[in-house]
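S.K.: Would you mind keeping the following structure in view while I ask a few things?
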Amino acid sequence: MDFVFTSEHDELRQTIRKFVEDKSQEAAIRRQMSSERGYDPQVWASMAEQLGLLGLIIPEQHGGAGLGFVELGIAMEEMGRVLLCAPFFSTAVLATNALLLAANDAAQAELLPSIAAGKTIAALALNEPDRGWEVADLAMKAAADGNGWRLDGVKTFVIDGHSADVLLVVARTNEGVSLFQIRGEADGVRRELLPTLDLTRKLASITFDKARAQRIGRDGDLTKTIDKVVTLGIAALAAEQAGGAQRCLEMATEYAKTRLQFGRAIGSFQAIKHRCADMLVGAEFAKSAAYHAIFRAAENDDAELGAAAAMAKSYCSEAYFQAAADNIQVHGGMGFTWEHVAHLYFKRAKSSSLLFGDPLHHRAKLAQEIGI
Amino acid sequence: MSTYATMNEDELRQRVRKLIEAADPDKVDMFTFRGAQFDHGLAWVNFPVGYGGLGLNPKMQVTVADELRKNCKTVYDDLIINPIGIGMGAATVLTYGSDEMKKRLLRPCFTGEEVWCQLFSEPGAGSDVAGLATRAVRDGDDWLLNGQKVWTTLAHISKWGLLVARSNPDLPKHEGMSYFLLDMQAPGVDVRPLYQITGEAEFNEVFLQDVRIPHSRMLGKEGQGWQVALTTLMNERTALGGGSQQRGGGPINVLLQLWKNNRAKGESAAAESVMRDRLTKLYIDAELLRLTSQRARSAQRSGNPGPEGSVGKLAQAELYKKIWECGLDVMGPNSLVYEPGYELRRPASEDRRDRTLMAKYQFLRSRANSIEGGTSEVMRNILGERVLGLPGEPRTDKGIPWKDVPRGG
Ligand SMILES: Cc1cc2nc3c(=O)[nH]c(=O)nc-3n(C[C@H](O)[C@H](O)[C@H](O)COP(=O)(O)OP(=O)(O)OC[C@H]3O[C@@H](n4cnc5c(N)ncnc54)[C@H](O)[C@@H]3O)c2cc1C
């Protein structure tokens, strides 16, 4: 078997589902969507204290739960299913993996416990304007300055970058790519909240102007390491997408059973019934793709992970988008309104598809990995 | 109306130039110019003389548009000025209205002085619009209306509403309806905005409480409402399925320009060739939509369009969604940003000339294309059953009194 969920996994899923369904009801989503911060600090605190979610993959010695990527994937899937607005992907997935894989011991000891405790929001500042998604193509430079470093340049599409306490910045030194730490509010850092297509995930553009930063990257060129951080992020994001696709299927099906036209439930028309059936196939395939990726990530199976993540990101992106679009269509005029949640899933689906490389990008990578 | 008057293209062009001499759109205001266009019979050339037309074949309207474009900078778009009035209301009034109505209504409809809306859909009756529940009860010379309409585009700025209501609930659904022209300023009409995926409120809910409509504003006869409504709907589908008039024009043009400005931003040659293939496929579909609707127009007999209008409506809805989705992919990560923002508002009147913004906005707006004016599923049913003559689905809602058909809220 490529993957088996244990009963502990199932229990964890149930616990998370109960929590996020309660905390991410429609009114809460809409509140966070229109707030600048974009999440509820109380919910965030409960995620840390009550559920220990923020330190899922952080080792126990740093105050985490010491669990693995399967658990993280489950959390992402459940959060994606209800569009939970929280800096989980940025802090507990991207930044945490960056620290675990690329940072020195001192930085890990400083930041991980505080992340696990819900006290620090951290964002990974990676992407640069018009540079695509490959770490090797990034250009931002860090210059040595006394015993510290200076950062100059622009990072964009930084998830939760506007509200993060700590920014983990990927930049180049003479040795190659490395990782830097800087407070979000430090001098020389200008953060701009971007008007996003998807209001439920906040993105920022961040300009560094001779900003004093601390180098926390391990020695040497970290291109491959950061690549892996991104690949893990992609696997987690695919799980989130699978959760979203599943929810769109559920919404469409529920509506098709109850909405009457021509004296009968619209789900009795084959046009609608078959559409829902296709959504089911899409959601099931999406889960298989995402689970395959998160299990390979959990096993630290680098030989398989690249292909699995590329396959998951390309498939889950398209399946989620299709499910979100179909959900609108099944809801008719109602699905097109601001009032209904269908559009929130639609926008999340499209922007997740564009984040970290679109399906075309990942299929090109996959083709290379498998020698097509 | 069975044969068209004849006028050759040169004569028609000459007439357009005369119109421009009389009222140059670059010099006079919109109402004045369009009033003159109406009076010259150039509003809708297929309409009879005196009602804004010349009794010509409708395909000759293209000549009018072409000559106007050649000579004037200011070109008005009917579908922006008064989409419902011009796109479907006028033909309905022409077919079913009294002479008085035609005289009173058609000119300000064309000029845009009086905007129209369409009050068909209800919370419980969308695809199944013939299931509608708004009640019309005769009261002396008037009808008394009660009920709720929904998704009513432009109701908030409309003077007139095309409204279908149930005048006899004891008859089978298609037989118990009547069609009215509602004065939107009448007492008891309450219009409330409904916001959509873009944050804008193009459409509304309209509540009707003891609204009086004089019997003289009924279109067609009592109980003939469905037949009249079909005229409106088929005109709507034709209006929504015309594609672009010019080769490579309209949405596909915006998309291809976006591609030229954005191509190869960090993507591999392999990815680029896949994208080129996708764009080329969309180009082919856009061209074939244009050519097919051109062919349909010139084959159109006199009178109102028939169910074959659903070919263009279906194809255009599905194509435009794909084109605008591709637009976002072409812009790549920059599509994560949505510059127009989602502030809840009435649509801004400024058109989105900036291609980037237009593409992003249309990505969202186009999702309605396969819903408004009849869903794509309903179009396929019409094509299958009414055009191809395939057997219909078993119906449980026909032949019994409307009041006995199961209904949701
Ligand atoms: C932007 C916009 C503008 C609009 N403007 C107007 C307006 O100005 N005036 C007006 O009157 N209306 C307007 N409408 C309403 C529009 O006509 C309806 O939304 C449409 O007819 C669908 O009805 P519904 O929303 O009730 O969906 P439903 O009819 O409930 O449909 C839900 C789903 O069921 C499917 N379905 C229903 N019946 C069948 C069937 N027999 N076979 C297969 N599938 C079926 C539909 O295709 C859809 O996918 C507008 C809608 C939109 C989105």
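Read the figures in this text as sums done on the coordinates, not as results from a lab. Keep in mind that what you see is a predicted model, and the values were worked out from it rather than measured. All Cβ positions, glycine included, derive from the backbone under ideal geometry; neighbour counts span all protein chains shown.
S.K.: Per residue of segment A:160-169, what does 6.51 cos²θ - 1.76 cosθ + 1.60 with θ = phi - 60° give for ³J(HN,Hα)? Whole Hz please, x for Gly and Pro, Karplus curve as stated.
M.R.: 6, x, 6, 10, 5, 6, 10, 10, 9, 9
S.K.: While we're here: Please enumerate, by chain and number, the lysines with C-alpha under 26 Å from the C-alpha of B:Lys159, excluding those fewer than 8 residues away in the same chain.
M.R.: B:Lys159 reaches B:Lys102, B:Lys103, B:Lys149, B:Lys221.
S.K.: Now for a different question. Using only the Cα atoms of the protein assembly as shown, what do you get for the radius of gyration and for Dmax, in Å?
M.R.: Calculated on Cα positions, Rg and Dmax stand at 29.7, 94 Å.
S.K.: Would you work out the charge dipole size for segment A:187-311 about its Cα centre, treating the Cβ of every Lys and Arg as +1 and the Cβ of every Asp and Glu as -1, and quote it to the nearest 20 debye? The partial results should precede the final answer.
M.R.: Numbers: 18 positive and 16 negative charges, 111 e Å.
My answer is approximately 540 debye.
S.K.: Here's something else I'd like to know. In whole angstrom, note down how far apart the Cα centers of segment A:227-277 and segment B:372-409 are.
M.R.: 25
S.K.: Which is farthest toward the positive dipole end of the protein assembly as shown among A:Ile29, A:Ala213, B:Asn82, measuring Cα position about the Cα centre, with Cβ charges +1 (Lys, Arg) and -1 (Asp, Glu)?
M.R.: The listed residue farthest towards the positive side: B:Asn82.
S.K.: If you don't mind, there's one more thing I want to ask. Please report, in debye to the nearest 20, how large the charge dipole of segment B:116-223 is about its Cα centre when each Lys and Arg carries +1 at its beta carbon and each Asp and Glu carries -1 there.
M.R.: It works out to roughly 120 debye.
S.K.: Follow-up question, since we're still on this one. Of B:Lys281, B:Lys159, B:Lys260, how do they rank once you tally other Cβ atoms within 10 Å and put the fewest first? Working shown, then result.
M.R.: Details: B:Lys281 12, B:Lys159 18, B:Lys260 9.
By the 10 Å Cβ count, ascending, the order reads B:Lys260, B:Lys281, B:Lys159.
S.K.: Let me ask you something else. Please identify the longest segment of chain B free of exposed GluC sites (Glu not before Pro), where exposed means a DSSP state other than H, G, I, E or B and no more than 13 other Cβ atoms within 10 Å.
M.R.: Details: sites that count: B:Glu343, B:Glu350.
Excluding the exposed sites themselves, the longest stretch runs over B:1-342.
S.K.: Which one of B:Leu219, B:Cys117, B:Leu182 is farthest out on the positive end of the charge dipole of segment B:116-223, using unit charges on Cβ (Lys, Arg +1; Asp, Glu -1) and the Cα centre as origin?
M.R.: Of the listed residues, the answer is B:Leu219.
S.K.: Just to be sure I understand the model, the point goes 7 Å from the Cα along the line to the Cβ. What's the resulting A:Ala144 to A:Asn300 distance in nm?
M.R.: Result: 3.1 nm between the two label points.
S.K.: Spin-label point model (7 Å from Cα, Cβ direction): what's the A:Asp219 to A:Glu21 distance in nm?
M.R.: Output for this residue pair reads 5.3 nm.
S.K.: Here is a follow-up. Lys and Arg at +1, Asp and Glu at -1: add these up for the other residues within a Cβ distance under 11 Å of B:Ser310 and post the number.
M.R.: +1
S.K.: Counting other beta carbons within 10 Å of each residue's own, what order do B:Thr74, A:Thr96, B:Thr152, B:Thr63 fall into, fewest first? Mind showing how you got there, number by number?
M.R.: Details: B:Thr74 13, A:Thr96 30, B:Thr152 25, B:Thr63 20.
Neighbour counts put them in this order, fewest first: B:Thr74, B:Thr63, B:Thr152, A:Thr96.
S.K.: Another question about this same structure. If you find the alpha carbon centre of segment B:299-345 and of segment A:287-355, how far apart are they in angstrom?
M.R.: Segment B:299-345 and segment A:287-355 have Cα centres separated by 23 Å.
S.K.: Could you work out how much longer the chain between A:His9 and A:Ser268 gets when fully extended? Use 0.36 nm per residue separation minus the Cα distance between them, nm to one decimal.
M.R.: Values: separation 259, 0.36 × 259 = 93.24 nm, distance 3.63 nm.
Full extension from A:His9 to A:Ser268 adds 89.6 nm.
S.K.: I'd like the antiparallel share, as a percent to the nearest 5, of DSSP beta bridges with both residues in chain A.
M.R.: Working: 31 of 36 bridges.
Antiparallel bridges: around 85 percent, rounded to the nearest 5.
S.K.: Okay, next question. Would you mind giving the average projected area, over all directions, of the Cα convex hull of segment B:252-395 in nm² with one decimal?
M.R.: Orientation-averaged projected area of the Cα hull: 12.3 nm².
S.K.: Oh, and also: At q = 0.09, 0.11, 0.12 Å⁻¹, what is the base-10 log of I(q)/I(0) for chain A according to the Debye formula with one equal point scatterer per Cα and no solvent? Please give it to two decimals.
M.R.: Cα-only, vacuum Debye calculation for chain A: -0.49, -0.73, -0.87.
S.K.: Based on DSSP H runs of at least 4 residues, each adding -39500 (n - 2.57), what is the mean residue ellipticity at 222 nm of the protein assembly as shown after dividing by all its residues, to the nearest 500 deg cm²/dmol? Walk me through the numbers before you get to the answer.
M.R.: Numbers: 23 runs with 344 residues, N = 781.
Here the helix-only value at 222 nm equals -14500 deg cm²/dmol.
S.K.: So, counting K/R as plus one and D/E as minus one, what does the shell of residues with Cβ under 12 Å around B:Asp24 add up to?
M.R.: Working: positive: B:Arg17, B:Lys18, B:Lys27, B:Lys73; negative: B:Glu21, B:Asp26, B:Asp29.
Charge balance near B:Asp24 sits at +1.
S.K.: So, one more: Give me the distance in nm between label points sitting 7 Å out from Cα along the Cα-to-Cβ direction at B:Asn146 and B:Lys260, one decimal.
M.R.: It is 6.1 nm.
S.K.: Which shape class applies to segment B:356-409: rounded if a/c is under 1.5, otherwise prolate when a/b exceeds b/c and oblate if not, where a ≥ b ≥ c are the square roots of the Cα gyration tensor eigenvalues? Working shown, then result.
M.R.: On the way: a/c = 5.33, a/b = 1.87, b/c = 2.85.
Oblate, because a/c is 1.5 or more while a/b does not exceed b/c.
S.K.: Once a ≥ b ≥ c are taken as the square roots of the eigenvalues of the Cα gyration tensor of segment A:122-215, is the result rounded (a/c under 1.5), prolate (a/b larger than b/c) or oblate (a/b not larger than b/c)?
M.R.: Values: a/c = 2.20, a/b = 1.40, b/c = 1.57.
Verdict is oblate for segment A:122-215.
S.K.: How big is the equivalent ellipsoid of segment B:9-111 along its three axes, where each semi-axis is √(5λ) from the Cα gyration tensor, reported in whole Å from largest to smallest?
M.R.: Numbers: eigenvalues 91, 44, 29 Å².
Over the Cα atoms of segment B:9-111, the ellipsoid semi-axes are 21, 15, 12 Å.
S.K.: I need the helices of chain A that pass two filters: whole DSSP H segments spanning 27 Å or more by Cα along the axis, and mean Kyte-Doolittle score no lower than -0.5.
M.R.: On the way: long enough: A:223-258 (52 Å, 0.12); A:270-298 (41 Å, 0.24); A:302-331 (43 Å, 0.05).
Counting only whole DSSP H runs, the qualifying helices are A:223-258, A:270-298, A:302-331.
S.K.: Mind pulling up the Rg/Rh value for segment B:53-187? Radius of gyration and Kirkwood radius, both on Cα. Mind showing how you got there, number by number?
M.R.: Working: Rg = 17.2 Å, Rh = 16.6 Å.
Looking at segment B:53-187, the ratio lands at 1.04.
S.K.: Just add up the charged neighbours of A:Ile226: K/R +1, D/E -1, any other residue whose Cβ is under 15 Å from the Cβ of A:Ile226. If you can, show how the numbers build up before the last one.
M.R.: Numbers: positive: A:Arg131, A:Lys155, A:Arg172, A:Arg215, A:Arg218, A:Lys224, A:Lys228; negative: A:Glu128, A:Glu134, A:Asp137, A:Glu175, A:Asp219, A:Asp221, A:Asp227, A:Asp302.
Residues near A:Ile226 contribute -1 overall.
S.K.: How high is the FRET efficiency from B:Thr396 to B:Thr292, r the C-beta distance, R0 51 Å, rounded to 0.05?
M.R.: On the way: r = 35 Å, r/R0 = 0.70.
Step by step, r from the Cβ atoms, then E = 0.90.
S.K.: Does chain B come out rounded, prolate or oblate, given a ≥ b ≥ c as the square roots of the eigenvalues of its C-alpha gyration tensor, rounded meaning a/c under 1.5 and, failing that, prolate meaning a/b above b/c?
M.R.: Working: a/c = 1.62, a/b = 1.23, b/c = 1.31.
The shape class here is oblate.
S.K.: While we're looking at this one, here's another question. Below 8 Å, C-alpha to C-alpha, sequence gap of six or more: please give me the relative contact order for chain B in percent. Mind dumping the intermediate values first?
M.R.: Values: 695 pairs, mean separation 58.5, N = 409.
Value for chain B: 14 percent.
S.K.: May I ask you to compute the full-extension gain from B:Arg212 to B:Asn253, defined as 0.36 nm times their residue separation minus their alpha-carbon distance, rounded to one decimal in nm?
M.R.: Once the chain is fully extended between B:Arg212 and B:Asn253, it gains 10.0 nm.
S.K.: Here's something else I'd like to know. How high is the relative contact order of chain A? Use alpha-carbon pairs under 8 Å, at least six apart in sequence, and give a whole percent. Can you show the working numbers first?
M.R.: Numbers: 731 pairs, mean separation 58.0, N = 372.
Taking the mean separation of contacting Cα pairs over the length of chain A, I get 16 percent.
S.K.: Here's another thing I want to ask about it. Under the rule of at least 5 residues apart or a separate chain, name every residue whose amide H is placed under 5 Å from the amide H of B:Val337.
M.R.: For B:Val337, whose amide H was placed from the backbone, the distant partners under 5 Å are A:Leu197.
S.K.: OK, next. At what distance in angstrom do the alpha carbon centres of segment B:117-172 and segment B:1-79 lie from each other?
M.R.: 34
S.K.: Determine the relative contact order of segment B:1-131: mean sequence separation of Cα pairs under 8 Å and six or more apart, normalised by residue count, in whole percent.
M.R.: Values: 155 pairs, mean separation 28.7, N = 131.
Here the relative contact order equals 22 percent.
S.K.: Determine the principal axes of the Cα atoms in segment B:116-223, then give the extent along each, sorted from largest to smallest and rounded to whole angstroms.
M.R.: The Cα atoms of segment B:116-223 stretch 42, 27, 21 Å along their principal axes.
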